[in-house]
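These notes are about the structure you will find just below.
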Amino acid sequence: MTDRFAIVMAGGSGTRFWPASRAARPKQFLALGSDAETLLQATVARAARAVGRDQVLVVTSARHGDATREQLPDLPQANILLEPAGRNTAPCIAWAAAHVRRRAPQGLIAVLPADPHIGDEDAFAAVLGRALDAAAAGSIVTVGIEPSRPETGYGYVDVGDAVDVGVPDVHRVRRFEEKPDQATADRYVASGHHLWNSGMFFFRADVILAEIARHMPELGEFVADCDRAAATDRELAFVEGRYGQLPKVSIDYGVMERAEDILVLPGAFGWDDIGSWSAAWALAAKDGDGNASAGAEALPIDSRGCYVSAPEGKLVALVGVEDLVVVDTPDALLVMPRSRAQDVRKVVDALREDDRLEHL
């Protein structure tokens with residue numbers, strides 16, 4: 001069987017989870033919902049189940065190298081690739097795919113974001129295996145999530161005709177759609193042929209690198225130069241000097257919207273992007289009044305629908321309040337209605353404008 005690998009993208013900033021998520025310790029390093037593991041640890045464990053731990057590569061920021069190693073002590077150190085600068089997902093995937101190609105020129109790759117929640121691990125493993133099987137003949141495959149609501153915070157995949165690649169329920173992608181307004185999201189869900197874009201992609205190493213060279217020649221040249229530097233053990237020095245000059249381009253825009261043979265496989269396995277504190281509340285274990293807590297002990301009195309995140313050992317009392325989010329950290333406290341969870345980024349923007357970098 002063809003060698004299988006996973007690339008876990010762990011370079012995000014997670015501003016929607018301020019103040020728990022900071023530049024030095026973003027969302028993927030947090031344990032959210034009812035999980036004891038952090039999002040990164042859970043994603044790597046899933047990937048290792050599918051391809052083997054030695055064939056999981058994690059790409060993260062250089063500033064997060066120590067935290068990544070701390071959270072993943074059993075992962076081979078050579079499998080943690082540290083980006084000198086954040087350049088979006090296309091350079092991240094290209095560099096990691098080049099590493100895979102050196103080990104297995106036609107190695108099958110699953111690209112997985114580090115920070116979603118997966119509710120049904122067995123169903124996810126089955127879909128991941130089928131997606132890799134579908135990619136074996138040379139197609140690029142994505143997994144689309146069957147939508148449970150007309151969500152405006154996600155991109156969508158417009159699903160086309162079924163195609164026979166030896167794997168059931170595989171379709172062509174008509175197009176990738178950006179995050180819609182509410183009316184458009186309503187229309188997408190009602191149509192029955194739109195799926196949420198999960199950000200997961202599956203392909204052979206040689207296929208994705210050929211597509212990158214075709215559609216993003218500057219990035220293709222970087223990969224070729226990387227391979228030459230690696231042949232003389234100078235790759236890290238080369239990447240350190242060149243990576244920050246690469247264009248900031250997502251793999252969606254750089255390749256997926258331009259390539260001709262993109263397939264989609266629908267998936268239903270309890271996926272959630274966990275895009276806000278409200279989503280963390282929705283996934284957490286709750287008491288009879290809908291209150292949930294992480295870390296701290298919450299003492300709700302005549303209170304309903306609240307979420308509390310605070311250090312272990314701290315007691316947070318709530319009296320006569322409803323649908324609040326309370327997040328306490330050593331140097332910052334956030335209190336807001338759950339319905340305003342997406343507005344946390346406004347706090348981050350305000351801190352940045354005031355140059356209060358110590359709180360970011």
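Values quoted throughout were computed directly from the atomic coordinates according to the rules given, and no laboratory measurement underlies them. Source: prediction; values computed, not measured. Virtual Cβ from ideal backbone geometry, glycine too; neighbours counted across all protein chains shown.
Lys and Arg at +1, Asp and Glu at -1: add these up for the other residues within a Cβ distance under 14 Å of Leu357 and post the number. Residues near Leu357 contribute -2 overall. Only the Cβ atoms of Lys and Arg (+1) and of Asp and Glu (-1) were treated as charged; on that basis the dipole of the chain about its Cα centre amounts to roughly 560 debye. Counting Lys and Arg as +1 and Asp and Glu as -1 over every other residue whose Cβ lies under 14 Å from the Cβ of Leu72, the net charge comes to -2.
Explain nothing, just the number: dipole magnitude of segment 277-359 about its Cα centre with +1 on each Lys and Arg Cβ and -1 on each Asp and Glu Cβ, in debye rounded to the nearest 20.
Charge dipole of segment 277-359: 240 debye, to the nearest 20.
How far is the Cα center of segment 210-237 from the Cα center of segment 285-349, in Å? So the separation of the two Cα centres works out to 47 Å. A simple packing score, the average count of other Cβ atoms within 10 Å per residue, orders the peptides 84-93, 61-70, 314-323 as 84-93, 61-70, 314-323, with the highest score first. Among Val335, Leu283, Leu318, which residue has its Cα furthest toward the positive end of the charge dipole of segment 252-358, with +1 on Lys/Arg Cβ and -1 on Asp/Glu Cβ? Toward the positive end, the furthest listed residue is Leu318. Rounded to the nearest 500, the 222 nm mean residue ellipticity of the chain from helices alone is -9500 deg cm²/dmol, with -39,500 (n - 2.57) taken per DSSP H run of at least 4 residues. Packing, as the average of other Cβ atoms within 10 Å across residues, places the peptides 242-253, 105-116 in the order 105-116, 242-253, highest first. With the charge dipole of the chain set up from +1 on Lys and Arg Cβ and -1 on Asp and Glu Cβ about the Cα centre, the Cα lying farthest toward the positive end among the listed residues Ala110, Ala42, Gly192 is that of Ala110. Across segment 277-359, the relative contact order, built from alpha-carbon pairs under 8 Å that are at least six residues apart, equals 21 percent. Comparing Asp289, Asp186, Asp331 in a Gaussian network model of the chain (Cα springs below 10 Å), the most mobile by mean-square fluctuation is Asp331. What number comes out for the charge environment of Phe238, summing +1 per Lys or Arg and -1 per Asp or Glu over other residues with Cβ under 13 Å away? With Lys, Arg at +1 and Asp, Glu at -1, the net is -3.
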